[in-house]
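Enquirer: The structure follows.
The values are calculated or read from the model by the stated rules, or taken from the named source; none is laboratory data. These numbers were taken from a predicted model, which means no experiment stands behind them. Here the Cβ is made from the backbone with ideal geometry for all residues, glycine too, and neighbour counts use every protein chain on show. When the accessible area is computed, the model is the full protein with side chains, heavy atoms only, and any ligands, DNA or RNA have been set aside. Shrake-Rupley method; radii C 1.70, N 1.55, O 1.52, S 1.80 Å.
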Amino acid sequence: QVQLVESGGGLVQAGASLRLSCAASGRTLSLYRMAWFRQSPGQERDSVAAITWGDGRAYYADSVKGRFTISRDNAKSTVYLQMISLKPEDTAVYYCAADSGLNTGHPLGAGSYTYWGQGTQVTVSS
């Protein structure tokens with residue numbers, strides 16, 4: 001089993017930057033890929049970014065390309081999401097997800113992940 005804990009969310013103004021962290025614990029050696037998703041009240045959970053644990057290949061949703069960067073620190077078993085030029089529409093609860101590689105599917109598909117964190121709130125004011 002893998003446990004995920006997100007941190008780094010907060011309240012910022014439009015145009016600001018923020019870095020989210022997701023620390024993994026448990027059987028971290030089995031991880032194949034990790035990702036960030038976000039969800040606003042009453043809406044579906046949308047993809048943000050994903051990264052393969054081994055080679056660091058990254059994937060991004062069109063809505064965040066050029067503004068968000070996903071990265072990982074293997075030694076710390078931690079994945080980061082660096083967000084710049086934040087917009088009010090980026091406001092959401094951001095969730096970290098992990099997959100052991102047994103699932104099939106696109107890296108940005110929520111169904112491709114079996115482990116989820118509790119989420120961290122990001123609020124961007126106008």
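Enquirer: Mind checking the per residue accessible area of segment 78-126 for me, 1.4 Å probe, whole number of Å²?
Expert: Ligands and nucleic acids excluded, the result is 43 Å² per residue.
Enquirer: Using amide H atoms built in the peptide plane, which far-off residues or other-chain residues are under 5 Å from Arg33 H to H?
Expert: Result for Arg33 returns Trp53, Asp99, Gly101.
Enquirer: Between Gln13 and Lys65, what's the calculated FRET efficiency when r is the beta-carbon distance and R0 is 35 Å? Round to 0.05.
Expert: Plugging the Cβ-Cβ distance into 1/(1 + (r/R0)^6) gives 0.95.
Enquirer: With the cut-off at 21 Å, report for segment 38-126 the share of all Cα pairs above it, as a whole percent.
Expert: 28 percent
Enquirer: What percentage of the solvent-accessible surface of segment 7-109, computed with a 1.4 Å probe over protein heavy atoms, is contributed by carbon and sulfur atoms?
Expert: 48 percent
Enquirer: From the protein chains alone at 1.4 Å, what is the descending order of accessible area for Lys65, Lys87, largest first?
Expert: Descending order: Lys65, Lys87.
Enquirer: Karplus couplings for segment 42-59 from phi (6.51 cos²θ - 1.76 cosθ + 1.60, θ = phi - 60°), rounded to Hz, Gly and Pro as x?
Expert: Each residue's phi maps through the Karplus curve to give x, 10, 6, 6, 9, 6, 10, 7, 9, 8, 7, 5, x, 9, x, 5, 10, 9 Hz.
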